[in-house]
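Computed from the coordinates by the stated procedures, all read-outs in this text should not be read as laboratory data. Everything numeric here is computed off the predicted structure, so don't read it as measured data. Glycine gets a Cβ as well: all are built from the backbone with ideal geometry, and neighbour counts include every protein chain shown.
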């Protein structure tokens, strides 16, 4: 995975350490034609393009799904995730996990008749959306391998929160013995990186007959060139 | 971990997962079984938070296993404990850096909350701030040589 970011708007170090293990990290400033051309070239040869910018941002840079599919050399899977969905009056609004919890009614139910509350672990929609995105992208890659073509995988934070509600509600009055916080022990893994030792949750799934790859790569933003690793090594 | 209450996709005990597999048109492309250990509530909430996270992650596993199968791999089974699912709803809280916690800390930012709207007792405002989102492009590894 090649992560492209602006040299001017980096995520915080804590975010970087938490989500960028295993990635190559390159800078591109899409306001400049040279960098924009590099982005188009990468997209034309990519299997997957992922963007969580608002549609207007993707449109401004010519990175809409139809445009990338037309230029793709092998068929592309385009994953886009927004706060409130790809259609409707709120489609262009920005938002984060907690906005989706409130707008979807999740927080109201969590409050159980009192003031609305966020998830007891604070997060919900970011993670559910991310896991669904991984599943949707792989399903699309599977389909492309069989049928060919390009595909768009659409997700939204609000829809993810609504899906959690669709699983049905539990009787909270019968949960006096249930812990209020996540105090269960966790399995973690550590890797040695340019930043020092970084620890995170171990992969949660156990597979039979399939060994998952491990990574010890975690580099600063902009550490890699904006090209595929096999073309630069 | 919970170590109890195993439910199986193959035995028809994971209906939400089966429904999602159908939505992704992967039914019939995953020959293994998916198993979830444990059930909600594992944290005080009216929502099925552990099962929700577990189901979403198992779905990703099913999709990966389907690719593995179509590319000639042996069918794989998948299992997951619901406590892992709960942890993976807030993975940032488990990130450590050189022995110290490295939490993003968004829950500690004052504006990330729900506030009573003035003079509108039934309306509330939610505010949040965070870092800008970014792009990622992915290219698969070169296809391995066919098996002989």
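A few comments on the model shown:
- Under the criterion of Cα pairs below 8 Å and six or more residues apart, the relative contact order for the stretch A:31-169 equals 28 percent.
- Relative packing of peptides B:77-87, B:61-71, A:64-74 - highest average C-beta neighbours within 10 Å first: B:77-87, B:61-71, A:64-74
- Which of B:97, B:90 has the fewest Cβ neighbours within 10 Å, and the rest in rising order: B:97, B:90
- Taking packing as the residue-averaged number of other Cβ atoms within 10 angstrom, the listed peptides A:24-34, A:41-51, A:153-163 run from highest to lowest as A:153-163, A:41-51, A:24-34.
- Cα convex hull, the stretch A:33-154: 119 Å³ per residue, rounded to a whole number.
- Using a Förster distance of 51 Å, the FRET efficiency for residue A:171-residue A:223 (Cβ separation, nearest 0.05): 0.50
- Contact order normalised by residue count of chain A, Cα under 8 Å, 6+ apart, percent: 27
- Between the stretch A:30-59 and the stretch A:99-123, the alpha-carbon center distance in angstrom: 35
- log10 of Debye I(q)/I(0), alpha-carbon scatterers only, for the stretch A:96-233 at 0.14, 0.18, 0.22 Å⁻¹: -1.03, -1.28, -1.33
- Relative contact order of the stretch B:6-98: 32 percent, from C-alpha pairs under 8 Å at least 6 residues apart in sequence.
- Listed residues A:120, A:220, A:94, most fluctuating in chain A (Gaussian network, C-alpha, under 10 Å): A:120
- Exposure proxy for B:37, A:78: other Cβ atoms within 10 Å of each Cβ, ordered fewest to most, give B:37, A:78.
- Put in line by how crowded their Cβ is, counting other Cβ atoms within 10 Å and starting with the fewest, B:54, B:108 read B:108, B:54.
- Working from label points 7 Å from Cα in the Cα-to-Cβ sense, the residue B:74 to residue A:230 distance is 2.7 nm.
- The stretch B:6-98: C-alpha gyration tensor shape, a/c 1.5 cut-off, then a/b vs b/c: oblate
- The protein assembly as shown: equivalent-ellipsoid semi-axes (sqrt of 5 x gyration tensor eigenvalues, Cα, Å): 32, 27, 21
- One Cα centroid belongs to the stretch B:69-91, the other to the stretch B:17-59; the line between them spans 10 Å.
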